[in-house]
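Trainee: First the structure, then my questions, so here it is.
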Amino acid sequence: MRTPACIAILLVAVVVLGAGCVGESQPPPEEAEKSVLLEAVARINGELESINASIGESARVLGETGLRSAAGKEAVQRAMLNHPYTESTLVATKEGIVTMAVPESYAGTVGSDISSHAETERSVQEQVPLVSEVFPLAEGYAGVAQSYPIFGAGGEYIGFVSVAYRSDALIGRAIVPLINGTPYDIWVTQTDGLVVYDTTPEEIGRNLFADPVYQAPGLQEAFSRIVAEPSGSLEYSFWERNWERNVTKEAIWDTAGISGTEWRVVATRSADAGEVPATTGERPPVADTAGDMKAFVGEAAAYAREHGRTDALAAFNNPAGEFVRDELYIFAYDMNGTVLALPFQQALIGADRSAVHDVSGVAYIAGMKRLAAEGGGSINYIYPNPARGYAEDLKLGYVLPVDETWFVGSGVYIPGVAATFNTSVRETLVQRVKAARDYAQKQGREAACAAFNDISGDFADGEAYIFAYTMNGTTLALPYQPEYIGENRFDLEDRYGVRIILLESAAAESGGGFVYITYYNPDTGVDGLKLCYVAPVDGEWFVGSGVYAGA
């Protein structure tokens, strides 16, 4: 799906797909698309079943050892490390009283009464494994609660264990490796129309029937069919994946879900996907330096302050205007993450992109917001490069605040840098950091940092070492650079001006996340591009680790 800038331009035709004439050397397009769809459904169900098995084992241990037992807590922690995208786990009695919360940052919920929660009521009444619909969680995000009943030694029902996670994280783990490098997009919706996953992240969280941007009659007809029928096929017109034009979408769908959940999984392909707009194809490759880019952003910020927001945004959104120079262009956001200017993707204007992540999980819009609030700065992220057929390339962005309500920025692609990290590498990194967080929460800051700083210990394994900082940037653990222990590095910048600790601290304060930096590699003795993951230990400090590109 793609959100249109104006509903009036959507002329939607809904028809059943027919078989086309194809050569004998390749399968018909509809067969290839169906194969992708069925594999997507199987992978999503596999992820759900895997979580079910892990929390089922936790439930077994808790049933044998008690709802507050150390053995039960260890089993819950193991289950979460097996699924690093999970956010938290609660254990509750049959009366709905929380007896255990993991990680420790959720310990404040122990003893609370959640019996009135709809998901608790359902778990207690049905006493079977369940997968909830997506709903707002107390942790501050929309997610899924997947629960498993706990039975005591005598077979009596005594409570349940429930793990919370973002639906887009689970589904993305299944989908992204499947469709990378293909012409297919996939989106997933509940039967009430809530979009729980989309390869276009701006669509996640919208409702197909309530959101004003989807009110064209043809779209409503298409979406009504999709949620009403477990499987099917049709066509509709909508924005293509790079937000530059409307195309005809060939859509087929099927249903995924276990334990009572029902998700429609929709695979789409643009009927004219091979065509590239001439205006995009003719845009020249980047020739400006990072220094030129920063000067360009400074010029745009000054222009906005002088001419005012309305006139400035009109200038920034003009693809043929003075603020588009070769590969460089000015973008603008308000401090809430809403798009104000994107000259080549104007269908996104007005969209909230605050939760958007790149392919490696870097929340780059959130990072830009924090940088702008701190006076500006640089950030690395991956973004489709139109000069290379929209390949996912590393980009160095730079932002400056116009005032306290909005900011401007630009970016330059960094050619020849392999900056993608596969799912296995990223999940191993997250597991390493969350294991260190669990250790720190159990041992306390002093003992944990001593272990992290032990160059011969388990936490200092070459480039896989654990580092730790306070939220305001004081170094607590850095085993290969002990001279920095105790020093405040909040304003540290890498060679490209990326504010390393500021961005890591911001990610930790939001509950944990990824950041790209350039930093010293103890295995090579030189700086290298590094994808870091950080997680808060508590509200005062965080731990992290990283993996270098090409590792």
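Trainee: Right, I171: farther than 27 Å from V359 by Cβ and aliphatic (A, V, I, L, M) or not? Steps first, answer last, please.
Mentor: Working: farther than 27 Å from V359 by Cβ: no; aliphatic (A, V, I, L, M): yes.
It is false that I171 is farther than 27 Å from V359 by Cβ and aliphatic (A, V, I, L, M).
Trainee: Which members of region 387-428 meet the condition of being crowded, with 20+ Cβ neighbours inside 10 Å and small (G, A, S)?
Mentor: G397, G409, S410, G411, A419
Trainee: Something else: Going by the conditions given, is S54 modelled with pLDDT of 95 or more, out of contact with any strand residue (DSSP E or B) (no Cβ under 7 Å at 6 or more places or on another chain) and buried (at least 17 other Cβ atoms within 10 Å of the Cβ)? Break it down stepwise before answering.
Mentor: Details: modelled with pLDDT of 95 or more: yes; out of contact with any strand residue (DSSP E or B) (no Cβ under 7 Å at 6 or more places or on another chain): yes; buried (at least 17 other Cβ atoms within 10 Å of the Cβ): yes.
It is true that S54 is modelled with pLDDT of 95 or more, out of contact with any strand residue (DSSP E or B) (no Cβ under 7 Å at 6 or more places or on another chain) and buried (at least 17 other Cβ atoms within 10 Å of the Cβ).
Trainee: Could you check region 30-41 and list, in sequence order, the residues that are open to solvent by 60 Å² or more (accessible area, probe 1.4 Å) and either at pLDDT below 95 or closer than 30 Å to A75 by Cα (or both)? Full working, then the answer.
Mentor: Of the residues in region 30-41, the ones open to solvent by 60 Å² or more (accessible area, probe 1.4 Å) are 30-31, 34-35, 38-39.
E30, E31, K34, S35 - these are the residues of region 30-41 that are open to solvent by 60 Å² or more (accessible area, probe 1.4 Å) and either at pLDDT below 95 or closer than 30 Å to A75 by Cα (or both).
Trainee: So the check is Cβ under 7 Å with 6+ separation or different chains; which pairs have a first residue in region 502-527 that's within 16 Å of L478 (Cα to Cα) and assigned to a strand (DSSP E or B) and a second one that's aromatic (F, W, Y) and open to solvent by less than 30 Å² (accessible area, probe 1.4 Å)?
Mentor: Note: pairs meeting the criteria are N521/Y548; D527/Y519.
Trainee: Looking at (1) of a type outside the set (A, V, I, L, M); (2) farther than 30 Å from T65 by Cβ; (3) crowded, with 22+ Cβ neighbours inside 10 Å, which is the one condition that is false for Q220?
Mentor: (3)
Trainee: I'd like the full set of residues that are within 15 Å of V91 (Cβ to Cβ), part of a loop (DSSP other than H, G, I, E, B) and small (G, A, S), limited to region 110-140.
Mentor: Answer for region 110-140, where residues must be within 15 Å of V91 (Cβ to Cβ), part of a loop (DSSP other than H, G, I, E, B) and small (G, A, S): G111, S112, S115.
Trainee: I've got another one for you. If you check every pair at least six apart or on different chains, which have Cβ atoms under 7 Å apart with a residue in region 474-495 that is under 23 Å from T524 (Cα atoms) first and a residue that is in a helix (DSSP H, G or I) and not hydrophobic (A, V, I, L, M, F, W, C) second?
Mentor: Qualifying pairs under 7 Å: T475/Y484; L478/Y484.
Trainee: So, one more: Pick from A164, A169: which is surrounded by 16 or more Cβ atoms within 10 Å (Cβ to Cβ), touching a residue at least 40 places away in the same chain (Cβ under 8 Å) and in contact with a Gly (Cβ under 7 Å, 6 or more places away or on another chain)?
Mentor: Numbers: A169 fails: in contact with a Gly (Cβ under 7 Å, 6 or more places away or on another chain).
Among A164, A169, only A164 is surrounded by 16 or more Cβ atoms within 10 Å (Cβ to Cβ), touching a residue at least 40 places away in the same chain (Cβ under 8 Å) and in contact with a Gly (Cβ under 7 Å, 6 or more places away or on another chain).
Trainee: For A315, work out the one condition from (1) out of contact with any His (no Cβ under 8 Å at 6 or more places or on another chain); (2) modelled with pLDDT of 95 or more it doesn't fulfil.
Mentor: Of (1) out of contact with any His (no Cβ under 8 Å at 6 or more places or on another chain); (2) modelled with pLDDT of 95 or more, only one is false for A315: (1).
Trainee: So which residues in region 100-132 are over 18 Å from I55 (Cβ atoms) and touching a residue at least 60 places away in the same chain (Cβ under 8 Å)? Step through it out loud before you land on a result.
Mentor: So the first thing to find is which residues in region 100-132 are over 18 Å from I55 (Cβ atoms), and the list is 104-105, 107-108, 110-113, 115-116, 118, 121, 125.
Once the filter is applied, which keeps residues that are over 18 Å from I55 (Cβ atoms) and touching a residue at least 60 places away in the same chain (Cβ under 8 Å), region 100-132 yields E104, S105.
Trainee: Related question: Give me the pairs, please: first residue somewhere in region 195-220 and without any contact (Cβ under 8 Å) to a residue 12 or more places away in the chain, second residue anywhere and in a loop (DSSP other than H, G, I, E, B) and open to solvent by less than 10 Å² (accessible area, probe 1.4 Å), beta-carbon distance under 6 Å, and either six or more positions apart or on two chains.
Mentor: Y214/L208
Trainee: If a residue must be under 24 Å from the mean Cα position of the chain (by Cα) and either at pLDDT 95 or above or of a type in the set (F, W, Y) (or both), how many such residues does region 103-129 contain? Show your work before the answer.
Mentor: Within region 103-129, the subset under 24 Å from the mean Cα position of the chain (by Cα) is 103-106.
Then drop every residue that is not either at pLDDT 95 or above or of a type in the set (F, W, Y) (or both), which leaves 106.
Number satisfying all stated conditions: 1.
Trainee: Let me ask you something else. Give me the residue from region 290-334 that is open to solvent by less than 30 Å² (accessible area, probe 1.4 Å) and among the acidic types (D, E) and, out of that set, nearest to N385 (Cα to Cα).
Mentor: So, considering only residues that are open to solvent by less than 30 Å² (accessible area, probe 1.4 Å) and among the acidic types (D, E), the one nearest to N385 (Cα to Cα) is E327.
Trainee: Still on this structure, I have one more. Determine, yes or no, whether F452 is at pLDDT below 95 and not charged (D, E, K, R).
Mentor: Numbers: at pLDDT below 95: no; not charged (D, E, K, R): yes.
Criteria not met by F452.
Trainee: Exactly one of (1) at pLDDT 95 or above; (2) not in a strand (DSSP E or B) is unmet by L90. Its number?
Mentor: All conditions are met except number (2).
Trainee: Still on this structure, please answer the following. Could you please find all residues in region 413-449 being in contact with a Pro (Cβ under 9 Å, 6 or more places away or on another chain), polar (S, T, N, Q) and either at pLDDT 95 or above or part of a helix (DSSP H, G or I) (or both)?
Mentor: Within region 413-449, T423, T428, Q431, Q441 meet the criteria.
The values are calculated or read from the model by the stated rules, or taken from the named source; none is laboratory data. The structure displayed is predicted, hence computed values, not measured ones. Every residue, glycine as well, gets a Cβ built from its backbone with ideal geometry; the counts of neighbours run over all protein chains shown. Quick note on the areas: whole protein, heavy atoms, side chains included, nothing else; ligands and nucleic acids left out. Shrake-Rupley method; radii C 1.70, N 1.55, O 1.52, S 1.80 Å.
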